[in-house]
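The next block holds one structure in the form of structure tokens; read it before the comments.
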Amino acid sequence: SVRDRLDRPLVLVGMMGAGKSTVGRKLAAALEMDFTDADDEIVEAAGMSIAEVFDRFGEEHFRDGERRVIARLMENAGSGQVIATGGGAFLQDETRALILDMAIAIWLDAAIDTLVERVSRNDRRPLLRTGDIPAKVTAMKEERSPIYSKAPIHIQSDTGPHNVAVTRIIEALD
Ligand code: S3P
């Protein structure tokens, strides 16, 4: 099976609202692997929400903590792990190098309309709290896509229910 042939953890990267956590959880269930959300690990380690970390300590401090949390996850994760990362993690040179070195990175992508619709459902994301969300998401996607494209696997998550993305990922790994 796909699961038996994997020798590294699977790490989902991509924009806010691409479905990394939802698809990651379903992918892990389908492959009988464990799921970890790196953002949740940061929240636990910091003892506060991501928005609070941004507000009290700034983005740079957040990125630092994020890199350390992902480094720990990479060191401890066997091949039986699916890990979802926050949308900015893979953009950080050191964090990306770690992921590319130790895991199979999967870029989960979606059209701008889908991303906007999904992120507009809640306002927990500090980078989207102010300003025009569609304009911001458009600019971010354009700026970030060339970097996300360094992931060896690229999957479109918005062409059907999340299960379709899960099936596509499993096919791409096969
Ligand atoms: C961020 C994405 C968020 C979170 C933080 C910054 C980003 O994670 O890590 O708000 O820079 O794209 P999600 O992609 O899970 O929303």
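What the table below lists for this structure:
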item	result
Yes/no for GLU60 being in a helix (DSSP H, G or I), of a type in the set (D, E, K, R) and under 24 Å from VAL119 (Cα atoms)	yes
Qualifying position, being of a type in the set (S, T, N, Q) and surrounded by fewer than 19 Cβ atoms within 10 Å (Cβ to Cβ), among SER157, SER120	SER120
Checking THR114 against (1) among the β-branched types (Val, Ile, Thr); (2) within 15 Å of the ligand (Cβ to nearest atom); (3) within 25 Å of ASP7 (Cβ to Cβ); (4) touching a residue at least 40 places away in the same chain (Cβ under 8 Å), the condition it does not meet	(3)
Those residues of region 35-57 which are assigned to a helix (DSSP H, G or I), without any contact (Cβ under 8 Å) to a residue 40 or more places away in the chain and over 14 Å from the mean Cα position of the chain (by Cα), in sequence order	VAL43, GLU44, ALA45, ALA46, GLU52, VAL53, ARG56, PHE57
Members of region 145-156 found to be touching a Leu at 6+ places or on another chain (Cβ under 6 Å) and part of a helix (DSSP H, G or I), listed by number	ILE147
Residue check for ASP55: acidic (Asp, Glu) and touching an Asp or Glu at 6+ places or on another chain (Cβ under 9 Å)	no
Single unsatisfied condition, VAL82 versus (1) within 18 Å of GLY14 (Cβ to Cβ); (2) part of a helix (DSSP H, G or I)	(2)
Members of region 24-51 found to be out of contact with any helix residue (DSSP H, G or I) (no Cβ under 8 Å at 6 or more places or on another chain) and at negative phi, listed by number	GLY24, ARG25, ALA28, ALA29, ASP40, GLU44
Counted residues, region 5-45 - those being away from the ligand (no atom under 12 Å from the Cβ) and surrounded by fewer than 24 Cβ atoms within 10 Å (Cβ to Cβ)	18
Scan of region 125-148 for residues that are under 18 Å from the mean Cα position of the chain (by Cα) and either of a type in the set (A, V, I, L, M) or exposed (fewer than 13 other Cβ atoms within 10 Å of the Cβ) (or both), ordered by number	LEU127, LEU128, VAL137, MET140, GLU142, GLU143, PRO146, ILE147
Some residue of region 89-105 being within 15 Å of the ligand (Cβ to nearest atom), surrounded by 20 or more Cβ atoms within 10 Å (Cβ to Cβ) and basic (Lys, Arg)	yes
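Quick grid of which residues meet (1) in contact with a Pro (Cβ under 7 Å, 6 or more places away or on another chain); (2) assigned to a strand (DSSP E or B); (3) in contact (Cβ under 8 Å) with a residue 24 or more places away in the chain:
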{"position": "LEU108", "(1), (2), (3)": "no, yes, yes"}
{"position": "ALA139", "(1), (2), (3)": "no, no, no"}
{"position": "GLU142", "(1), (2), (3)": "no, no, no"}
{"position": "ASP158", "(1), (2), (3)": "no, no, yes"}
{"position": "ILE169", "(1), (2), (3)": "no, no, yes"}
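Read the figures in this text as sums done on the coordinates, not as results from a lab. Note that this is a predicted model, so its numbers are computed, not measured. As a convention, Cβ positions derive from the backbone with ideal geometry for all residues, glycine included, and neighbour counts pool all protein chains shown.
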